[in-house]
Amino acid sequence: MRFVSLYLARLTVLMVCLLPLGAASAASQTLSEGWEYRWGDSPFRNDGTPAWTLDGPGEDGWRSIGFPSNPPNRDGREHVWFRVMLPDGEWQEPVLYIFSVDLIVQVYFDGQKIYQYGTFDEQGRGRFEGWPWHEISLPEGFEGKYLYFRVFSDYTDIGLWGEVSIMNRPDLVLFVLENSLESLVIATISMLIGLLALIFAVLQAKKKSFASLALFAFSSGAMLLAESQASQLLWNVPLVWDYLAAASYYLLPVAMAMLLEQWLADHRPRMINLVWKVHLAYVVAAIGLSLSGAINLSSTFPPFDALFLVSLVTITVAVIYRFRHLLLEQRIILLAYAIFSVFLIVDMAVAHGLLPWGRVPVSWGALLFALAVVVISLWHYARTQQALYRLTLSLEQQVAERTEKAETLARREQARVRLLTFENEKKQILNDIIAGLQDCLGLSQAFDYLARVMPDLCSPVSGAFYLRRDEGKTYERLNHWGYGGNMSEFALILDTSEGLPSPTEVPSRYRETPLDSVTSQDQVLQGTTCFWITVQSASEGALVMGLLLVEIPENFSAQDNGYGAARLFHALDQGLQRIGITLSSIRLHEELQKYSYEDVLTGLNNRRYFDQLLKHERAGAVRNQVPLALLIVDIDHFKLFNDTHGHEAGDSALKTVATVLLQQFRDSDVVCRYGGEEFVVIMPGANLSAAREKAENLCRAIRTVHIYHGDQDLGGVTLSVGVAGWPECSNDPDALLGLADRALYRAKEGGRDRIEGCSTCTPP
């Protein structure tokens, strides 16, 4: 980051200095005529003078050429000489300007070497040391004399490249700065865009999109900076700039492909994913091998250009195939990308000599692409922020309401806890009941448990325990106990549509705070008494979820000093209040868990609930040595259904399948949405055969169901089911999920709309 900031600062200062020079022009004379070439390398005389530099006009071996680059009939040769007669002119401080040389060069005048770039060995060969521009000071009296160039290149090109001109030294500096101004400005803009995108990548949720944008902006900016001629004025180390330019250039398709992959993520662009991975591997290999000295950096450009063209074709085909699915802003991105690609291809053609030399405005293509991506990304970001703001307000309001309900219920529980006392031998029984209730996962399981243990709490009197049904219109008897008495009073169903039976008053002498009007003798309890079990709900308030009816025998006097009816009455009243508090906590826990354990779309439990419940059921199955079955259900061709009818119709299909699942399985079975179009069913106590039978019933049932979206009949869907059971399929209950998942995979591979069991079992 400090490196980027430093160069941005230096570039800014340089551009400020260039602004007043923008309209200036450098006086120069282009050497475009009179060039001659000669293949091979000159022999050297004893004094070190190249023999060919002593040749005069018309000497055999020299051939005319329009520009000193890539003479005909190379045939793999790596050495060539060029010469040109320098023209007359009026100069104050003359220098020869060369845009670039492939690859290393020596310059001779009057048999004397006046300039060298690169290192020549005894065979006249040398390694690539960069593509800088060259400034060669011309000696006095150069007019009308030959200037000789000795060139070595094992690259695809050989010779001078671009342009060759004579100009005054101050004009050359001005000329370089003017030609670099456009690239420097756009490089600075790209760097600033990269910094902004990098900040967003750190702070925002969509890190990949902003990270790809930052990579593209930094790569394009670094490439423009490194390839600008002014880079040598910033730091005169050409090979370092060429490494930076190569790495940046090679990273451009990586950044572009990653951006396109994220825009087309819904369409699974596998070819685009492959493109950026291949190019990233090429960057690492090319730069790594060049730095190690295994190859020259210059030799990595031609293979990359070929690979880049193939990648462009691949990306174009992949994008055209999905173009009609794209949004307007995505099409704009692709248009900007296409324009930038055209600039790159033209520049590539110039570099390989397929087009005449000229300055290709690649920088404008990079700027257009970067700005298009930034504008659209910022538009998406603003729209997302607005949606998040609205969602945050809604969630804060919901949390405040739920917190208030929870605090209200907590205050009620705290007030009731102070009233709990036990005076008799039922204290230990009640404690055990409370402990058992606390192990229950929900109200349904809790009331089943209460129905089993209520006789122990009410002993020695007879009674019956009822559970609220039909929204309070009836109460169903879950259990009854005792001997003798009028058991007919304990009906199987209590009709409460006209109102609940009134709870029996607690005798005043057993109240926690006796009333002032209490007499010395309280009414003797006898006959049938009623107790309410009230459960507090954060959403529905107080509900009478249970009724306890007990029969007090006539000889069970409230005046007894032992276990009289009044003491038992008081103990039951206090105990049932504590049970109600415990049940209220379970209900509150259910309601709170509902928000994190319920799938909003289908109303089923979600994967988080499934993961916790499966762990609990596995432990219970092993502890109690009862079988446990697991089904994984997948809607066949659901993506095709979504693509054909739309995501809202897909939601309707998910809801319909969830409804059928709930209808087909037992109350003790647990149906969850596992994710996407997958559902799971936990069947405690069921063996593999029973689970497979249930799966077959489910598949038959779903085939008869039609999916409706609005008034439109969308037809039906089919299911693939994987079934596994413990202990039939494995000795390890922890392996059930993996076995069922592999069975589901076989069902899909086998043609779908079918059921597969674990591979270790033979289907019945």
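The values are calculated or read from the model by the stated rules, or taken from the named source; none is laboratory data. All values derive from a computational prediction rather than experimental measurement. Quick reminder, even Gly has a Cβ in these numbers, built from the backbone with ideal geometry, and neighbours come from all protein chains shown. These accessible areas exclude ligands, DNA and RNA; they are computed on the full protein's heavy atoms, side chains included. Shrake-Rupley method; radii C 1.70, N 1.55, O 1.52, S 1.80 Å.
One table, with the values for the structure above:
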{"read-out": "Chain lengthening between Glu476 and Gln428 when straightened (0.36 nm per residue, less Cα-Cα)", "value": "14.5 nm"}
{"read-out": "Positive-end residue of Ile429, Trp133, Leu309, charge dipole of the chain with Cβ unit charges", "value": "Ile429"}
{"read-out": "Nearest-ten-degree value, helix 647-664 long axis tilted from longest Cα axis of the chain", "value": "30 degrees"}
{"read-out": "For the chain, size of Cβ-based charge dipole, Lys and Arg +1, Asp and Glu -1, in debye", "value": "960 debye"}
{"read-out": "Net length gained if the chain between Leu309 and Ser668 were fully extended (0.36 nm per residue, minus Cα distance)", "value": "123.1 nm"}
{"read-out": "Of all accessible heavy-atom area on segment 661-764, the percent that carbon and sulfur account for (1.4 Å)", "value": "44 percent"}
{"read-out": "Overall form of segment 49-151 per C-alpha gyration tensor (a/c, 1.5; a/b vs b/c)", "value": "oblate"}
{"read-out": "Inter-label distance, nm, simple model (7 Å from Cα along the C-beta direction), Arg383/Leu289", "value": "4.5 nm"}
{"read-out": "Rel. contact order, % - alpha carbon contacts under 8 angstrom, at least six apart, segment 624-708", "value": "45 percent"}
{"read-out": "Label-to-label distance, nm, for residues given as Arg742 and Tyr321 (7 Å Cα→Cβ offset)", "value": "3.2 nm"}
{"read-out": "Extension reserve of the Leu371-Gln92 stretch, reckoned as 0.36 nm per residue once the Cα distance is removed", "value": "95.9 nm"}
{"read-out": "Heavy-atom accessible surface of segment 158-301: percent carbon and sulfur, 1.4 Å", "value": "70 percent"}
{"read-out": "Accessible surface, the chain, averaged per residue in Å² (probe 1.4 Å)", "value": "50 Å²"}
{"read-out": "Residues Val202 and Leu395, FRET efficiency given R0 of 25 Å [Cβ-Cβ distance, rounded to 0.05]", "value": "0.55"}
{"read-out": "Cα-based helix-to-principal-axis angle, 238-263 vs the chain, degrees rounded to 10", "value": "40 degrees"}
{"read-out": "Computed [θ] at 222 nm, deg cm²/dmol, the chain (DSSP H ≥ 4; -39,500 (n - 2.57); rounded to nearest 500)", "value": "-16500 deg cm²/dmol"}
{"read-out": "Antiparallel DSSP beta bridges within the chain, as percent of all bridges there, nearest 5", "value": "95 percent"}
{"read-out": "Whole-number percent relative contact order across the chain, with pairs defined as alpha carbons under 8 Å at least 6 apart", "value": "7 percent"}
{"read-out": "Distance between segment 639-718 and segment 610-625 - C-alpha centres, whole angstrom", "value": "24 Å"}
{"read-out": "Rough spin-label spacing in nm, given labels placed 7 Å along Cα→Cβ, for Glu59 and Arg127", "value": "3.3 nm"}
{"read-out": "Relative contact order, percent, segment 242-345 [alpha-carbon distance under 8 Å, six or more residues apart]", "value": "29 percent"}
{"read-out": "Using alpha-carbon coordinates, inclination of helix 688-703 to the longest axis of the chain, degrees", "value": "70 degrees"}
{"read-out": "Global form of the chain, assessed from the alpha-carbon gyration tensor, a/c cut-off 1.5", "value": "prolate"}
{"read-out": "Paramagnetic label zone (point 7 Å from Cα along Cα-to-C-beta, Glu182; backbone N under 16 Å) in segment 306-349", "value": "340-348"}
{"read-out": "Carbon/sulfur fraction of accessible area - segment 433-484, other protein chains in place, 1.4 Å, %", "value": "43 percent"}
{"read-out": "Where GluC sites (Glu not before Pro) fall in DSSP loop in segment 71-131, at most 15 other Cβ within 10 Å", "value": "Glu90, Glu122"}
{"read-out": "Cβ-derived FRET efficiency at R0 41 Å, Asp495 paired with Gln445, nearest 0.05", "value": "0.95"}
{"read-out": "Most to least packed among 385-396, 190-201 [average Cβ atoms within 10 Å]", "value": "190-201, 385-396"}
{"read-out": "Shape category assigned to segment 254-313 from the gyration tensor of Cα positions, a/c cut at 1.5", "value": "prolate"}
